[in-house]
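The values are calculated or read from the model by the stated rules, or taken from the named source; none is laboratory data. Keep in mind it's a predicted model, so treat the numbers as computed, not measured. As a convention, Cβ positions derive from the backbone with ideal geometry for all residues, glycine included, and neighbour counts pool all protein chains shown.
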Amino acid sequence: MIKNEIKTTCSYCGVGCGIIVKKDSNNKVLVEGDKDHPVNKGMLCSKGMNLHYVANDVSDRILYPEMRWSRSHPRERVTWDEGLDRAASVFKSIIKKYGPDSVAFYVSGQSLTEEYYIANKLTKGFIGTNNIDTNSRLCMSSAVVGYKKTFGEDSVPISYEDIELADCFLITGANPAWCHPILFRRIEKRKEENPEVKIIVIDPRKTDSANFADLHLQLIPGTDVILYNAIGRCLYKRGLIDEKFIKEHTEGFQDYKELIFKTSLKKASKLCGVEERDIQKAADIIGVSKGFISMWAMGLNQSVVGTDKNVSLLNLSLITGQVGKPGSGPFSLTGQPNAMGGREVGGMANLLAVHKDLGNEEHRREVAQFWGVDKISPNPGLTATEMFDALESGKLKAVWIACTNPLVSMPNTHRIEKAMKNAKFVVVQEISHKSDTLEYADLVLPAAAWLEKEGTMTNSERRISYLPKEIDAPGEARPDVEIFCDFAQRMGFRGFNFNNASEIYDEYASMTKGTNIDVSFLNYERLKNEGTFQWPVPEYRHPGTPRLFEDKKFYTPSQKAIFNLPQSTENTAVQPTGEFPLILTTGRVRDQWHTMTKTGKVSRLKTHYPTPVLEINPVDAFLNKIKDGDISEIKSTNGIVRVRAKVTDTIKKGVVFLPMHWGKQLQSNLNRANNLTNTHVDPISKEPDFKFTCVSVSKYKKP
Ligand code: SF4
């Protein structure tokens, strides 16, 4: 017997597929794609369709709070009162002795909007520090800066429905066939039904997305800016630009034109490792298209020149006038399910709620007034990598980590281990014992998971959805908002006495009134009864906004979009040397999600990639005496990884690839790709570079 059918949203990627959840007669959860949902129309990828295994299997779940009274003792079970009282007492005493900037919170793009909002209100409004950042820093912060610089605000202009209207897709630094499968399925369908639709993929790897493309530009990692500028130059030379749009709706074109003519096509081709004729062909396809969509993800964002890559790509939409019209526009693909919602409520160290900026005095005053506090500190908050640097140096004393596993996901994980050991007090708010980060926790707080709590999320296309609570959390696990609010009250702060998540959403929504992300007419009742909405929703009867900038009025002071010039044209941090001659790029595999604390529980998701492998080109394998299936030892200045080699010509010569999911709890410390990655960050977005680490590779010989 099937009972209690509810509608919700997938908890994995930013595509945000609709899911119908049912329970069988044994109260076990069943899932299926929601045929009426505008995102997936009933489809689910391998991860989504196996979500019921994750929900039904609680064998790995943390069931009650655990605490250690000193580092020389193991953690033991405590009550919620004991755990949260101790947390409040330690935080108060550290803040009293060292000031509010000596504590920090590190949250996640998987947190619900209400959780993000409350954690930020607590930190920035009441504790008095801006030291709150998110693992979305590792994912989307370069795109945020790109949008702000180009359009004046962090605003994704288009929707998935534009896919069915476009005739040219430039997919760059992304492999949506694996990482955003349902979105990619829509692109495939668009092309199957309209063979004249063209797809260009830019990637150093011949991915499944590249296999489907009409044109694959297999560039050398880090040379993206040169390539985009070369495409811009070809567009200009062939007269394939929109002069009217440029003149009436943009600023900075003259400087951009001078920049793109500084590098000849021949030189760009050599630097990027891409044939001149292919660059020209890409420009021709883009230039004659009526609907041009660029799509990108971590290949652009996770770079020391992530901001430059983003603005250079956005310039291609401006030069062709392909913004604010059907089937056209730039579209950053969000990795996590609620990275967008987090940005709305100011979930980064440099942001405030409602897309306000911490660096703006007036914005700080407005937010302080709304929360009824004297002021928001003007001190810049620590971003993700800065936070762990500060723990290592001792400047930061305590950290509260919620819903993320930095011991696997942060770059240079040996350094993160040192930082965590050096912390005076570590709180980890988590669902699973499989998180490697638990090893360093003084206090572990069991959190409720998907279906065990209610809240909202926003997907990549600005679509807000309501996620209901359907099952009880195991043991004593509690919803994250409850944990944060309880802690805030034990710290003696007012303004956290909410009866439920709905009241938290209402508080945030009222803050958006009159802004570019206005959702003040939305509430849980409407989201439950009327379904999802894309912000802004500026009037009560407004259906939501699938496409921004149709009036060509951008959010800059002049209302014009801005051509920004990259400060640097290629990765300048480190280049391959004799000792470390290969470029390591890291990424994801199709059936795993982040650090595998959820997907790692599902045996059928392990069949695709049972273990991590190193992808290496046959020429590099030959030069390094490695055969397919050998255990390879990969070294960088930061550490070592040992995994089997997969010799394949799908990867460019000079480049090797490792998946990022595996941590030591799941297999071995030596499978962890981030043992190798460096801590270089983009100077503006502060996003780390996971796509360019110089390494050596050899066959591992047992001593
Ligand atoms: Fe979930 Fe993303 Fe797969 Fe959709 S594409 S089912 S949101 S993981």
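Would you mind finding the one in 409, 460, 432 that is farther than 28 Å from residue 76 by Cα, modelled with pLDDT of 95 or more and of a type in the set (S, T, N, Q)?
Being farther than 28 Å from residue 76 by Cα, modelled with pLDDT of 95 or more and of a type in the set (S, T, N, Q) holds for just one of 409, 460, 432, which is 460.
As for the stretch 192-205, it holds no residue that is surrounded by fewer than 20 Cβ atoms within 10 Å (Cβ to Cβ), more than 18 Å from the chain's Cα centre (by Cα), part of a helix (DSSP H, G or I) and touching a residue at least 60 places away in the same chain (Cβ under 8 Å). Of all residue pairs spaced 6 or more apart or on separate chains, those with beta-carbon atoms under 7 Å, a first member in the stretch 541-559 that is modelled with pLDDT of 95 or more and surrounded by 13 or more Cβ atoms within 10 Å (Cβ to Cβ) and a second member that is in a loop (DSSP other than H, G, I, E, B) and among the β-branched types (Val, Ile, Thr) are 544/537; 547/158; 549/323. The residues of the stretch 213-267 that are basic (Lys, Arg) and either assigned by TED's automatic domain parsing to the domain that holds residue 586 or in contact (Cβ under 8 Å) with a residue 24 or more places away in the chain (or both), listed by number, are 233, 238, 244. The set of residues from the stretch 653-703 being surrounded by 23 or more Cβ atoms within 10 Å (Cβ to Cβ) and among the small types (Gly, Ala, Ser) comprises 663, 673, 685. A count restricted to the stretch 18-45 and to residues that are within 14 Å of the ligand (Cβ to nearest atom) and of a type in the set (Asp, Glu) stands at 2. Filtering the stretch 124-145 to residues that are more than 28 Å from residue 9 (Cα to Cα) and either assigned to a helix (DSSP H, G or I) or of a type in the set (Asp, Glu) (or both) leaves 124, 125, 126, 127. In the set (1) more than 16 Å from the ligand (Cβ to nearest atom); (2) without any contact (Cβ under 8 Å) to a residue 24 or more places away in the chain; (3) assigned to a loop (DSSP other than H, G, I, E, B), residue 81 fails one condition alone, (3). Screening the stretch 46-64 for residues that are within 14 Å of residue 473 (Cβ to Cβ) and among the aliphatic types (A, V, I, L, M) and picking the one that is nearest to the ligand (Cβ to nearest atom) gives 54.
Applying the selection to the stretch 213-248, what residues are in contact with an Asp or Glu (Cβ under 8 Å, 6 or more places away or on another chain) and either farther than 25 Å from residue 570 by Cα or part of a helix (DSSP H, G or I) (or both)? Listed by number, the residues that qualify are 225, 226, 234, 238, 240.
Scanning for something assigned to a helix (DSSP H, G or I) and either under 22 Å from residue 249 (Cβ atoms) or out of contact with any Gly (no Cβ under 6 Å at 6 or more places or on another chain) (or both), does the stretch 150-157 turn up at least one residue? Yes, there is a match, as at least one residue in the stretch 150-157 is assigned to a helix (DSSP H, G or I) and either under 22 Å from residue 249 (Cβ atoms) or out of contact with any Gly (no Cβ under 6 Å at 6 or more places or on another chain) (or both). In summary, residue 15 fulfils each of the numbered conditions (1) within 16 Å of the ligand (Cβ to nearest atom); (2) touching a residue at least 40 places away in the same chain (Cβ under 8 Å); (3) in contact with a strand residue (DSSP E or B) (Cβ under 9 Å, 6 or more places away or on another chain) with the single exception of condition (3). Those strands (runs of 3 or more DSSP E) of the stretch 565-658 in which 1 or more residues are in contact with a strand residue (DSSP E or B) (Cβ under 9 Å, 6 or more places away or on another chain) and over 28 Å from residue 135 (Cβ atoms) occupy 613-616, 631-635, 640-647.
Of the residues making up the stretch 96-104, one or more are more than 16 Å from the ligand (Cβ to nearest atom), surrounded by 19 or more Cβ atoms within 10 Å (Cβ to Cβ) and either outside the structural domain of residue 450 (by TED's automatic domain parsing) or of a type in the set (A, V, I, L, M) (or both). Within the stretch 38-53, the set of residues being without any contact (Cβ under 8 Å) to a residue 24 or more places away in the chain and either assigned by TED's automatic domain parsing to the domain that holds residue 474 or surrounded by 15 or more Cβ atoms within 10 Å (Cβ to Cβ) (or both) comprises 41, 49.
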